1. Being among the hydrophobic types (A, V, I, L, M, F, W, C), assigned to a helix (DSSP H, G or I) and surrounded by fewer than 23 Cβ atoms within 10 Å (Cβ to Cβ) is the filter here, so list the residues in region 1-11 that pass it.
2. Identify, by number, the condition in (1) touching a helix residue (DSSP H, G or I) at 6+ places or on another chain (Cβ under 9 Å); (2) closer than 25 Å to Phe174 by Cβ; (3) of a type in the set (Ser, Thr, Tyr) that Ser96 doesn't meet.
3. Would region 255-269 turn up any residue that is within 27 Å of Trp20 (Cα to Cα), of a type in the set (D, E, K, R) and surrounded by fewer than 22 Cβ atoms within 10 Å (Cβ to Cβ)?
4. Which of (1) farther than 25 Å from Asp329 by Cα; (2) outside any helix (DSSP H, G or I) is the odd one out, the single condition Phe264 does not satisfy?
5. Between residues in region 190-202 that are among the aromatic types (Phe, Trp, Tyr) and residues that are assigned to a helix (DSSP H, G or I) and surrounded by 10 or more Cβ atoms within 10 Å (Cβ to Cβ), which pairs lie under 6 Å by C-beta distance while being six or more apart or on different chains?
6. Taking region 203-216 as the region of interest, how many residues are surrounded by 14 or more Cβ atoms within 10 Å (Cβ to Cβ) and in contact (Cβ under 8 Å) with a residue 40 or more places away in the chain?
7. Taking the stated definitions as given, is Ala161 buried (at least 18 other Cβ atoms within 10 Å of the Cβ), assigned to a helix (DSSP H, G or I) and either among the small types (Gly, Ala, Ser) or in contact with an Asp or Glu (Cβ under 6 Å, 6 or more places away or on another chain) (or both)?
8. Restricting attention to region 67-119, report how many residues are outside any helix (DSSP H, G or I), of a type in the set (A, V, I, L, M, F, W, C), modelled with pLDDT under 95 and in contact with a Ser or Thr (Cβ under 9 Å, 6 or more places away or on another chain).
Amino acid sequence: MFGTLRTIWALMVVIGHIFWLSDFGRFAVFGFYILSGYLMTYVMHNSYGYSKAGQKKFAINRFLRLYPAFWTAGIFSLLIIYYWGGNANTFTLPDSVPAIFGNITMIFPHWMPSQVEPRLSPATWALTVELFFYAAIVLGASKTRKRTYYWVALSVIYIIASYTLGLYWHARYFSIPAGSLPFSLGALIFFLSQQKSIRFIPQSWLTSPFILFSISLSTALITSFAITKSLPLWIMETIFYICMAINFLLVLALATGKEFIKGFSIKLDKKIGEYSYPFYLLHYQAAAFAGLILFGQATLIKGNITIGSFLLTFIILSLMSVIIIKLIDSPIEKIRRKIRPAGNKQN
């Protein structure tokens, strides 16, 4: 039952970018990476396999899952630019080869993809990181437990090296190598979840995913607020990695069969989960449309937060997401079912 969790994490990103502090959403992004590392390793082992045919099916299925919605979100942005021009100050047309390439392929060509601008869906720099590690997983980075432990070790070495070299915080968050640690930890969850007992992790820590999530969310809220009060960077980073560890336990608990919310139906969880990707892709566009209606220009709502602007943005975001789900995702899902191996419900 990962659908509700994914959508809550997406909403954290939305609130951070549009209404409050970007730092709030950052805690959720690395949670997404951990979950992706687990799920992609799971489907490679249990559904697709590592043969050429299996790898090809995985790649086609991921393409169909990600790209049509991504391109549709870009079209929404282009409509904003076309119809409102100078008033669309949140969006501009890509005007360089790297930016054009990235907005078509989802691959923003930089070791720190966030440096490639403009992006028609601004938050999609993280999708470049996702694609990189999807490729690593399909090529066998987490094919065995031993490889996965090596991957985790190399990821830790990168973090240590970034501090040793004096690299700024952004190298440990926005860069492609920064995604290695949460993805490798997610892959490790696949192997740990197969065990009856897990060394060094008390079983009592895994009994309530909802409590783990509540701790993670509270940590993100308090830390994001503290940042506005000049919280030292080293403390923020320490808390960030503690929160990553909590999210690791959260995903591990869910992977071992614990319920996120007691009595919550799998069908409802799946329905809620359908909104996570559209929310992530479309929240800037929804805020732009709300800004046009309320203020006459496509601007972010930050600084103009009212109950009306909050509700209007989420109404527009929900309507745009329904368009993606009903007109794009649902028809394509029928194609994906034919490609997806029998019994695979995880991707």
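1. First, pick out the residues of region 1-11 that are among the hydrophobic types (A, V, I, L, M, F, W, C): 1-2, 5, 8-11.
Checking which are assigned to a helix (DSSP H, G or I) leaves us with 5, 8-11.
Within region 1-11, Ile8, Leu11 meet the criteria.
2. Only one criterion is unmet by Ser96, namely (1).
3. yes
4. Of (1) farther than 25 Å from Asp329 by Cα; (2) outside any helix (DSSP H, G or I), only one is false for Phe264: (1).
5. These pairs meet every condition: Phe190/Tyr38; Phe190/Thr41; Phe190/Tyr42; Phe191/Arg145.
6. 8
7. On the way: buried (at least 18 other Cβ atoms within 10 Å of the Cβ): no; assigned to a helix (DSSP H, G or I): yes; either among the small types (Gly, Ala, Ser) or in contact with an Asp or Glu (Cβ under 6 Å, 6 or more places away or on another chain) (or both): yes.
For Ala161, the condition - buried (at least 18 other Cβ atoms within 10 Å of the Cβ), assigned to a helix (DSSP H, G or I) and either among the small types (Gly, Ala, Ser) or in contact with an Asp or Glu (Cβ under 6 Å, 6 or more places away or on another chain) (or both) - is not met.
8. Within region 67-119, the subset outside any helix (DSSP H, G or I) is 88-96, 106-112, 116-119.
Still in the list and also of a type in the set (A, V, I, L, M, F, W, C): 88, 91, 93, 106-108, 111-112, 116.
So of that shortlist, the ones also modelled with pLDDT under 95 come out as 88, 91, 93.
Filter once more, keeping what is in contact with a Ser or Thr (Cβ under 9 Å, 6 or more places away or on another chain): 88, 91.
Number of matching residues: 2.
The values are calculated or read from the model by the stated rules, or taken from the named source; none is laboratory data. Since the model is a prediction, treat every value here as computed from it, not as a measurement. We place every Cβ from the backbone using ideal geometry, glycine too, and count neighbours over all the protein chains shown.
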